[in-house]
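What follows is calculated from the coordinates using simple rules that are stated; it is not laboratory data. Computed from a prediction, not measured in an experiment: that's the story for all the values here. Glycine also receives a Cβ, built like all others from the backbone with ideal geometry; neighbour counts cover every protein chain displayed.
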Amino acid sequence: MKTYLVTGGCGFIGVNLVTRLTALGARVRVLDNLSLGKRGDIEPFGVDLLVGDIRDTVAIRKACEGVDVVVHLAAHTRVIESVSDPALNFEINALGTLNVLLACRDAGVKKVIFASTGGAILGEQEPPVHEDMVPRPVSAYGAGKLAGEAYCSAFFGSYGLNTVALRFSNVYGPWSYHKGSVVAQFLRNLMQGEPLIVYGDGTQTRDFVYVDDLVEAILLADRAETPGEVFQIASGIETSILTLLQAIKVAIPEVALDVQFRPSRAGEISRNYANIDKARRRLGFNPKTELHQGLVTTWKWFKEHTAKDDAKKDAKPRVEHVGNKA
Ligand SMILES: NC(=O)c1ccc[n+]([C@@H]2O[C@H](COP(=O)([O-])OP(=O)(O)OC[C@H]3O[C@@H](n4cnc5c(N)ncnc54)[C@H](O)[C@@H]3O)[C@@H](O)[C@H]2O)c1
């Protein structure tokens with residue numbers, strides 16, 4: 001059984017991935033600076049948590065020792081904040097990814113799976129977006145992820161490091177309570193009895209992929225031999241915000257929606273969904289979760305999560321602080 005390092009493993013996608021990997025019997029180590037993720041969220045899985053930062057070369061080198069596969073999720077994930085502070089985003093997403101790749105190369109890691117993004121890298125393009133389009137990021141977040149992809153390709157080309165970049169669309173599901181993405185935001189506001197804010201007129205579209213399907217894509221990418229390649233990982237379905245609101249109404253009939261409209265925000269694209277033919281063909285990716293079912297499961301988790309929060313306060317994971325920024 002392989003040893004995995006999940007950077008950012010205490011975050012939304014990280015906890016879902018760690019849950020799956022440990023259920024499969026893998027050895028898992030997590031490197032997270034706990035800027036957003038919480039140690040208590042991975043405590044039940046008995047993984048090794050290294051508290052450290054990917055900007056810190058000492059921390060990332062220690063984390064990569066003896067590891068077979070690195071799933072690099074740690075990132076500055078907020079598109080709007082990347083517009084106001086592009087330098088911080090560069091440090092974490094571009095330079096941080098370079099640090100991870102250097103450490104992987106030097107530690108002899110066999111595979112690196114990089115969490116990239118579809119919409120933000122490609123910018124305003126006629127959807128469905130696909131891997132052959134010329135990227136035109138409209139935010140620093142998109143630019144930083146594109147740099148990460150470029151380094152992944154370069155590290156395969158120059159050093160033979162087996163990298164693969166997965167361009168996630170808009171991911172939703174359990175453990176997303178802290179996220180600023182639209183599904184999490186809407187469900188959190190519903191929980192708190194607050195209005196659902198729509199920026200723009202609601203006709204803007206996204207491609208919502210359920211987190212279990214996304215985790216499956218990561219496992220498929222781990223098994224496939226596709227060094228240096230890029231894949232769109234999405235549902236392949238275009239959904240407007242107005243359609244999402246309607247789906248929430250049906251999935252969560254017990255709560256009345258108070259929807260309010262505000263002007264659109266800089267850095268956000270108007271239409272986005274992905275063509276996932278390449279991932280279907282080369283990885284065997286086949287997303288199964290329909291929006292309705294995904295929303296029902298996510299809402300159930302959101303309701304249970306607040307109740308469990310108190311229980312987590314006494315959690316004691318195996319924690320080590322590594323590097324200079326921990
Ligand atoms: N959630 C989505 O819809 C989505 C879409 C496209 C791409 N992605 C990418 O997937 C990855 C995971 O996203 P997520 O939604 O789980 O995000 P998240 O914010 O929930 O998790 C990120 C984790 O990384 C940690 N982290 C942040 N900066 C760090 C640093 N400098 N050093 C070490 N740890 C750090 C945080 O504490 C957090 O636990 C990210 O790279 C993100 O850009 C996510």
Note to self: Looking at the chain as a GNM with Cα springs under 10 Å, which of Ala221, Ala274, Ala154 has the largest mean-square fluctuation?
What the structure shows: Ala154
Next item on the list: From zero up to wherever the largest Cα-Cα distance of segment 139-234 sits, split into 10 Å bins and tell me the percent of pairs in each.
Entry: 14, 34, 31, 15, 5, 0
Margin query: Please list, ordered by chain and number, the residues whose modelled amide H lies under 5 Å from the amide H of Val138; skip anything fewer than 5 residues away on the same chain.
Written below: Gly123
Checklist line | Cα coordinate range in segment 46-146, projected on the principal axes (Å, largest first) | finding: 44, 29, 27
Notebook entry, point to check: Can you give the convex hull volume of the alpha carbon atoms of the chain per residue, in Å³?
Noted result: 123
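Could you please rank Leu24, Leu36, placing first whichever residue has the fewest other Cβ atoms within 10 Å of its Cβ?
Leu24, Leu36
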Margin query: Which of Glu304, Glu225, Glu238 ends up with the largest GNM mean-square fluctuation for the chain, with Cα atoms connected below 10 Å?
Written below: Glu304
Checklist line | Long-range amide H partners of Ile233 with built H, under 5 Å | finding: Arg167, Phe168, Ser169
Check: What whole number of Å gives the distance from the Cα centroid of segment 14-79 to the Cα centroid of segment 244-265?
Finding: 34
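Once whole DSSP H runs in the chain are found, which of them have Cα atoms spread over 24 Å or more along the helix axis and a mean Kyte-Doolittle score of at least -0.5?
Qualifying helices: 140-159.
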Item checked: Beta bridges per DSSP with both ends in segment 3-321, % antiparallel, nearest 5 -> 5
Check: Using alpha carbons only, what's the Rg to Rh ratio of segment 1-79 with Rh from Kirkwood?
Finding: 0.93
Margin query: If packing is taken as the average number of other Cβ atoms within 10 Å across a peptide's residues, how do 113-122, 173-182 rank, most packed first?
Written below: 113-122, 173-182
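Could you rank the peptides 141-151, 76-86 by their average count of other C-beta atoms within 10 Å per residue, with the highest value first?
Put in order of decreasing packing, that is 141-151, 76-86.
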